[in-house]
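Here's the structure, in structure tokens; my notes come after.
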Amino acid sequence: MNNSGRVQIITTGGTIASLPRENGDVIATLNGDEFIRRMGVNGNIEISESVKIGSFGFNYETLRDVALDVVNALSSPEVVGVVVTHGTDTMEETAFYLSITTSHIKKPVILTGAQLDASYMASDGANNLRDAICAAQVPALGEGGALISFAGFLYNAREVTKIDTTAIEAFESLNWGPIGRIDKDDVWISRRLSTKTSMKIAVPSSVALIRLAVGMTGEEVRKMAQGYPGVVLQAFGRGNAHPSVSDEVRRLVENGVPVIVTSRCMRGSVRPVYGNGGGKDLERAGAWFAGDLSGEKARVLLGLMISNQIHCDEMIKILGEYSHP
Ligand code: ASP
């Protein structure tokens, strides 16, 4: 590996660091030198542990703590970039959180992991880690926030999603495709990413994420939104809902609870188009539209904006930036 600048590897657990126990449970186990030895990577790297859990066990405090570790590593002048090893289940949310909170430091932050645990002879972890270390040394990848490197592809945190429970090509950006590829030691970038407003590292406020399904009315939305300081709706298609939902949205907004509309669809943007309960009515009721941002990521963004006490007008501006590439 052509490794000049130092890369800090921050481990958090996940399948890449997991081994099966005697009872068959696969548990995050490896850290430090043992992790490095098993992955077979070398060069100018340093390793530290943030947490050692499956990413399904992350909470918002974990996101904050990982971000603090990332910023701490990036602030060292010798470190050219950081690799975060992570479970695949919620990697896209951590990547997005890191994008928002660490992108003011113009050095690459690359997340990676594995679909096969470390007991497999042919685990994908070693290749993924090797690729991520290569990417972390490319200064141009420090310009647009954190990235996920997986199965040879590089993805923008805002766009990427886990699309497969077991396949080695676990991630996709269904709207925009990968932003680059890694071919041995060569990193090819097809698209530059824009810099967006960054925010202070904070524990996001917990906001309601409500996925609509046929038969769900304003009454369900009212119950599910109860007590939350913000709501993200994963609405139908273009951003539509049962006609009774718009009354509930109006009530929430009048009470100072921001409501963001995203889509259940995996591809395409929301936009106010339809009346009679469609997006036009949700917009009239005061909801904001999140473009092609997923519901899960809109939840992170809204939670961070609330905990950072960002003013309503500024929230609309920031949401606008993150709603499109
Ligand atoms: N399947 C997951 C992984 O790839 C488990 C987790 O998210 O930690 O690591």
Selected residue (only one of Ala132, Ala140, Ala67 is more than 16 Å from the ligand (Cβ to nearest atom), part of a helix (DSSP H, G or I) and touching a Leu at 6+ places or on another chain (Cβ under 8 Å)): Ala67
Residue list for the stretch 70-121, filter: part of a loop (DSSP other than H, G, I, E, B), touching a helix residue (DSSP H, G or I) at 6+ places or on another chain (Cβ under 8 Å) and either more than 12 Å from the ligand (Cβ to nearest atom) or under 17 Å from Leu141 (Cα atoms) (or both): Ile105, Lys106, Lys107, Pro108
In the stretch 12-29, the residues that are surrounded by 24 or more Cβ atoms within 10 Å (Cβ to Cβ) and not small (Gly, Ala, Ser): Thr12, Thr15, Ile16
Pick from the stretch 87-119, criterion of a type in the set (S, T, N, Q) and within 17 Å of Arg38 (Cβ to Cβ), ranking: surrounded by the most Cβ atoms within 10 Å (Cβ to Cβ): Thr112
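Looking only at strands (runs of 3 or more DSSP E) that fall completely inside the stretch 1-45, which ones have 2 or more residues that are touching a residue at least 60 places away in the same chain (Cβ under 8 Å) and more than 12 Å from the ligand (Cβ to nearest atom)?
On the way: elements: 6-13, 18-20, 26-28.
Fully inside the stretch 1-45 and qualifying: 6-13, 18-20.
Laboratory data are not the source of any read-out in this text; all were calculated from the coordinates shown. What you are looking at is a predicted structure, and each value in this text was computed from that prediction instead of being measured. Glycine also receives a Cβ, built like all others from the backbone with ideal geometry; neighbour counts cover every protein chain displayed.
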